[in-house]
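First the structure, in the form of structure tokens, and then the observations on it.
Values quoted throughout were computed directly from the atomic coordinates according to the rules given, and no laboratory measurement underlies them. Please read all numbers here as calculations on a predicted model, not as lab measurements. No Cβ is skipped: glycine too gets one built from the backbone with ideal geometry, and neighbour counts run over all protein chains shown.
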Amino acid sequence: IGVIIHASLAESVSVVGCQLFPDANPVSSLILRTITKLIFALHPCHVEAVVNSANRPHILALLASMIAVDCRTHIVFLYVAYVIGLTSAETFIFQMPAIILTMLAIQWNRTTERNLSSLRSSIISLLPRIFVVCGLTSMYLFGRYYFDTLQINLELIRKAENAFAHYEGKRRLLSFPLVVAIHIGKMFTIDPIGSSHEYGFDCIRGVESEDDFRLIYPAGIALTLLVTAIVCLKRGAGSTLMFLVFASWVATLFPICGFITVGTFIADRLTIASSFGFCVFAGKALTMIFCHFHERKNNEALITL
């Protein structure tokens, strides 16, 4: 069942990728869809969620997001898909900004002229869908607040489940960026510590001071995102919106950044949603390279690729 759901999800991701990067050339669209689907289907961090039925809610939640971002569907399908996502996985709530921004980017791509005026028109046309998403999110959060289940009680978390959960002050501020950097690496299929169902106590040392060389990884990622944001701002509204789409999917890793108390430390399944951003943008990049080599009739380069 997990394999079937993941295969359906890979197909949905490839369709959304083609909507984010529309191309008048049907061959290029087919290449983009195929490459994106392959990258997502073979992503190493998806193994845990596919083979372990206990983690199936994470792929169900992303599948619900893929239905929600498609503006071609009736608003009733958006409502049903979003409710399914909220009731599938607790982490789905952090996909809300990504859903809205992806929906907006897809709608804007359908306009004949991509300018600020058409962007405003796209936002206005999506207001009913945005209202549904924000309304359901607000009701969900109010329900969690009413029943006092917004986050796990710290006393219920063992160090074997989340080794950094009991850190405070400077130690917490320095240690959790490393956890985020590890998950971003996993998202990009760069896994510095290896795949695992779960990491627990003493698997990874906490950061005690600013001299720890491991802080270079979160610092490098933050600097890269900052430089990319500046470049996109200079390129215009289109590039800026696409950067925000990518950044919003990376932001689905918020639960493990240390601001809220969660029972999970480091796990591959937490990168399921964020891997959508990597797979779609990597698929577009590889498609551009593939088409560039194809236009040059460079068969050796094609074989190498």
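Okay, here's what the table says:
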| item | result |
| --- | --- |
| 3J(HN,Hα) from dihedral phi, region 101-115, Karplus parametrisation 6.51/-1.76/1.60, rounded to Hz, x for glycine, proline | 5, 5, 4, 5, 4, 5, 5, 5, 5, 7, 7, 6, 10, 9, 9 |
| Cα-based helix-to-principal-axis angle, 127-146 vs the chain, degrees rounded to 10 | 10 degrees |
| Additional length obtainable on full extension of the chain from Y145 to K234, 0.36 nm per residue less Cα span | 27.9 nm |
| I266 long-range amide H proximity, modeled H, under 5 Å | Y199 |
| Packing rank of 42-48, 118-124, where each peptide gets the mean count of other beta carbons within 10 Å, highest leading | 42-48, 118-124 |
| Protection proxy ranking of 228-236, 159-167, 96-104 - average other beta-carbon atoms within 10 Å, highest first | 96-104, 159-167, 228-236 |
| Most positive-pole-ward Cα, G143, L38, Y79, against dipole of the chain from beta carbon charges | Y79 |
| Within region 2-96, trypsin sites (Lys or Arg not before Pro) in DSSP loop having at most 14 other beta-carbon neighbours inside 10 Å | R72 |
| On Cα atoms only, tilt of 75-88 relative to the major axis of the chain in degrees | 30 degrees |
| Candidates G185, G238, G143: whichever shows maximal mean-square fluctuation once the chain is modelled as a Gaussian network with Cα springs under 10 Å | G143 |
| Nearest 10 degrees, 0 to 90: helix 216-235 Cα axis against the chain principal axis | 30 degrees |
| Ranked packing of 283-289, 176-182, 24-30, most packed first, by mean Cβ within 10 Å | 176-182, 283-289, 24-30 |
| Cα-based Rg of region 2-304 normalised by 2.2 N^0.38 Å, two decimals | 1.04 |
| Under Karplus coefficients 6.51, -1.76 and 1.60, residue-wise ³J(HN,Hα) of region 151-158 in Hz, glycine/proline x | 8, 6, 5, 4, 5, 8, 9, 8 |
| Karplus 3J(HN,Hα) series, Hz, for region 58-71 with 6.51 cos²θ - 1.76 cosθ + 1.60 (x for Gly, Pro) | 5, 7, 5, 5, 5, 4, 5, 5, 5, 6, 5, 7, 7, 6 |
| Two-site label geometry, A7 and T224: point separation in nm, points 7 Å out along Cα→Cβ | 3.3 nm |
| For T261, distant residues with modelled amide H under 5 Å away | I152 |
